[in-house]
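Okay, so here's the structure we're looking at.
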Amino acid sequence: MLFSIHRPILGMKMKKHFSRRDLLKAGGLLAGSAAVAAALPWLFPPQRAQFDNHPGGWGGGPFTPAPPLAGRVKADVVIIGAGYTGLATALHLARRDPDLDIVVVEARQPGYGASGRNGGMLLPQFGEEMFEMPEQAADLQQAYALTANAMQSMKLLADASGEDCGFKLDGYCLAILEEDDLAYYRDYVARAAGLGMKLELWDAEAAEDALGSPAFAGAVYDPKGGQVHAMRWLQVLHRAAQAAGVKIYGDSPVTQVREGKVVQLQVAGGRGVVEAEALVLATNGYTPALGYFQERVMPVHAPTGITQPLTPAQLEAMGWSSRLPYFDTRNFLYHLVLTDDNRIVVGGGNARYQLGADLAYGGNLEDDAKMMLADISRLYPQLKGLRFDKVWTGVMGVTYDGMEGVGVTGEHENIYYALGYNGHGIVLSYLFGEALAYLYLDQPHPLEQTGHVNHPLAYIPPDPYRWLGAKGTMAYLRWQDRDY
């Protein structure tokens, strides 16, 4: 999943370029004007449904279900969430200290959340600063190096596993929609070159040659990026963690967390209890439902779909010769990946925050499918009539200022967390999982030099103000995107 990532900087006049940070701040301002809603509680009934009934659509071959937790279990570290973050953290911990007893509990099955529902793009940098030049250029250089190195480590793990997870690091593109924006990206690419980032700015002809669509004024190519099959990468992490001795339990939703020097988790139905000296929250957009970061992270739903396999004639006609994954410069951007079996994975075009931080999608998947298919037809008229095999939504953990959260909290400083990826979680979850392992083991990690570790997450106004603000802001941004 991706979200809006652009905003005006460097004093250049740009028609759009709203970042997630700007979107959410604007949402907070709009929400502040909605105090009248507080006098109408009947308009805002609580909505706390926990999970979508529809699964993600990646598939991934046979996956042995994780057994449910039963009885009383003791561990050194217990991790809530068997997605990318939880499994990566468990794996890094187990490899750095094989004597640790590590338990992972998952409410459904591994990968049921955003880890099995994303668009499969591998991206460098931290999401909040992507294609922005910070005041301290060295910060960008460091973030770029850290995330690029994380991708290389991920690929080594994937290659060693023998799992064909479609892991490619051939790069990705940002597809530019407006000619007026080319000057901004030309300047960015030039400044990035001074930091050792070998980006390329392509004109409209080069962009069409690579991506096959005449819809773009140009593109930025970044060789540090790529794509992966979302669920098969999850399997790589799952099997590696199990091989390292990690115990993984599925269908074991946590209903109570008792903090203390020893943390105690209660699993639904009283079936099981876990006691551990440390807890890791690896639940991203679901974290507020556990009672943590409720005013710092909000769950935002975004749609994704995977098409029927393209025929050889369709592939040739569309001209996506580079097969590079890409996303565009809209506020509600679209991201597209061409899989090894010649399906298009497309997502975006909309984002939805639901009143009460509801985790079960309340939108219409058929409408989402029509919207995304219309965009594919706009980009590639040759594919008119193409259909989806599967459409789904996923929950992103979104923060007010776009900054991710990673660190340790709690009275006893034994509750670790990594969350708020804002739609850029595949690479960051692996990097942050490694950082959490180092933090727990009291070892230095280069992420600490970036200012991300234990960075205070910004306050997000509560509902109904949050919902009204998000509603108004998103309507405005859709209006800005009306010509695309």
- Message: Please state the shape class of the range 306-435: rounded when a/c is under 1.5, otherwise prolate if a/b exceeds b/c and oblate if not, all from the C-alpha gyration tensor.
- Response: prolate
- Query: Which net charge results for the neighbourhood of GLN308, defined as the other residues with beta-carbon distances under 14 angstrom from its beta-carbon, given Lys and Arg at +1 and Asp and Glu at -1?
  - Reply: +2
- Please order ARG466, ARG72, ARG352 by the number of other Cβ within 10 Å, starting at the fewest. ARG72, ARG352, ARG466
- Message: Longer than 27 Å from Cα to Cα, which of LYS168/LYS198; LYS198/LYS471; LYS168/LYS471; LYS168/LYS247; LYS155/LYS198 are they? Say none if no pair is.
- Response: LYS198/LYS471; LYS168/LYS471; LYS168/LYS247
- Query: Which shape class, rounded, prolate or oblate, goes with the range 172-223 when its Cα gyration tensor gives a ≥ b ≥ c as root eigenvalues, a/c under 1.5 marks rounded, and past that a/b bigger than b/c marks prolate?
  - Reply: oblate
- Item | the range 215-265: trypsin sites (Lys or Arg not before Pro) falling in loop per DSSP and having at most 13 other Cβ within 10 Å | LYS261
- Task: Taking the chain as the reference, fit the longest principal axis to its C-alpha atoms, fit the long axis of helix 84-96 to the helix C-alpha atoms, and give the angle between the two in degrees, 0 to 90, nearest 10.
- Result: 60 degrees
- Note on the structure: Rounded to the nearest Å, the spacing of the alpha-carbon centers of the range 382-401 and the range 141-183 is 20 Å
- Item | Among (1) 21.6, 63; (2) 26.7, 106; (3) 24.2, 88, the entry that matches Rg and Dmax of the Cα atoms in Å as calculated here | (1)
- Message: Show me, for the range 161-168, the HN-Hα J-couplings you get by feeding each phi into the Karplus relation (A = 6.51, B = -1.76, C = 1.60, θ = phi - 60°), rounded to Hz, glycine and proline as x.
- Response: 6, x, 7, 7, 10, x, 7, 10
- Message: What do you get for the angle between helix 20-32 and the principal long axis of the chain? Use alpha-carbon atoms, 0 to 90 degrees, nearest ten.
- Response: 70 degrees
- Taking neighbour counts of Cβ atoms within 10 Å as a proxy for exposure, in what order, fewest first, do ARG330, ARG482 appear? ARG482, ARG330
- Query: Which aspartates and glutamates have a Cα less than 18 Å from the Cα of LYS370, not counting those fewer than 8 places away in the same chain?
  - Reply: ASP389, ASP481, ASP483
- Tell me, in nm to one decimal, what length is gained between ALA193 and GLU275 on full extension, where the rule is 0.36 nm per residue of separation less the Cα-Cα distance? 24.5 nm
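Every number here is computed from the coordinates shown, using simple stated rules; none is lab data. No experiment lies behind these values; they were computed from the predicted model shown. Cβ sites come from the backbone with ideal geometry, for glycine too, and all protein chains shown count toward neighbours.
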